[in-house]
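Heads up, the thing below is written out as structure tokens.
The values are calculated or read from the model by the stated rules, or taken from the named source; none is laboratory data. Just so we're clear, the structure is a prediction, and the values are computed from it rather than from any experiment. Using ideal geometry, Cβ is built from the backbone for each residue, glycine included, and neighbour counts are taken over all protein chains shown.
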């Protein structure tokens, strides 16, 4: 018997996480970014950013192949706007990252795989090619984790755990998670197939729980280890 009880996600089981009200107005501000729910008017910028960054994103993100026309961007935005209205049902939402000063769209963030029983979710991110190396993904991730783990009475989602996964060969994504301060918890050999490489790669898993995260300062609590892999 290998299935865990907290994978069943029966109503009322475990923590039975419930979202706060008003999530269709999510707005997370960082020193350089505004991370918010997409508007339909964002579609042309989203399509341009994805297509301009196709070769940069494609090795690690299969979804870029779906962007053939502008309608694909509109479809994506409509889905995200519907998802955020009922997170208990959708278990996921994609948000846009926009420069605070210029309003320019620079990438996506958000969370998925929301487990109601454990009040945990996986977050993910991408930045357009010409924003690579600017630290925006790290900055955004720290603030999104704070939003996820901040108590609902303080304006957050009130989750108990945030996690993220990436290929062991995706050096850029690994650096984002390490700089953000999440602990390396999992290494599963040959568990992610990277289309751009044409082969399986190791899956690395990073995570943090609410008691280890200083959501006011967007960083781990002092003394939180950088790794939790077994010896």
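Please find, among 117, 41, the residue that is in contact (Cβ under 8 Å) with a residue 40 or more places away in the chain and farther than 30 Å from residue 198 by Cβ.
Just one listed residue meets the conditions, 117.
Take the conditions in contact (Cβ under 8 Å) with a residue 24 or more places away in the chain and closer than 23 Å to residue 15 by Cβ and apply them to residue 221. Does it pass?
For residue 221, the condition - in contact (Cβ under 8 Å) with a residue 24 or more places away in the chain and closer than 23 Å to residue 15 by Cβ - is not met.
For segment 139-157, check the following and say yes or no: at least one residue is modelled with pLDDT under 95 and touching a helix residue (DSSP H, G or I) at 6+ places or on another chain (Cβ under 7 Å).
Checked segment 139-157: no residue is modelled with pLDDT under 95 and touching a helix residue (DSSP H, G or I) at 6+ places or on another chain (Cβ under 7 Å).
Which members of segment 54-76 meet the condition of being more than 19 Å from the chain's Cα centre (by Cα) and closer than 19 Å to residue 137 by Cβ?
Of everything in segment 54-76, those that are more than 19 Å from the chain's Cα centre (by Cα) and closer than 19 Å to residue 137 by Cβ turn out to be 54, 55.
Can you confirm whether segment 159-168 contains a residue that is touching a helix residue (DSSP H, G or I) at 6+ places or on another chain (Cβ under 6 Å) and in a loop (DSSP other than H, G, I, E, B)?
yes
Among the listed residues 94, 113, 103, which satisfies the condition of being buried (at least 18 other Cβ atoms within 10 Å of the Cβ) and within 25 Å of residue 172 (Cα to Cα)?
94
Filter segment 171-183 for residues that are touching a residue at least 40 places away in the same chain (Cβ under 8 Å) and surrounded by fewer than 19 Cβ atoms within 10 Å (Cβ to Cβ) and give the result.
The answer is 172, 178, 179.
Restricting to segment 32-55, and then to whatever is in contact with a helix residue (DSSP H, G or I) (Cβ under 7 Å, 6 or more places away or on another chain) and more than 28 Å from residue 88 (Cβ to Cβ), can you tell me which residue is surrounded by the most Cβ atoms within 10 Å (Cβ to Cβ)?
50
Which ones in segment 184-208 are within 22 Å of residue 159 (Cβ to Cβ) and either exposed (fewer than 12 other Cβ atoms within 10 Å of the Cβ) or in contact with a helix residue (DSSP H, G or I) (Cβ under 8 Å, 6 or more places away or on another chain) (or both)?
184, 204, 206, 208
Could you tell me whether residue 141 is farther than 25 Å from residue 54 by Cα, in a helix (DSSP H, G or I), under 16 Å from the mean Cα position of the chain (by Cα) and touching a residue at least 24 places away in the same chain (Cβ under 8 Å)?
Here the answer is no, as residue 141 does not meet what is asked.
Would you kindly identify the helices (runs of 4 or more DSSP H) lying entirely within segment 1-117 that contain at least 2 residues that are modelled with pLDDT under 95 and closer than 17 Å to residue 144 by Cα?
none
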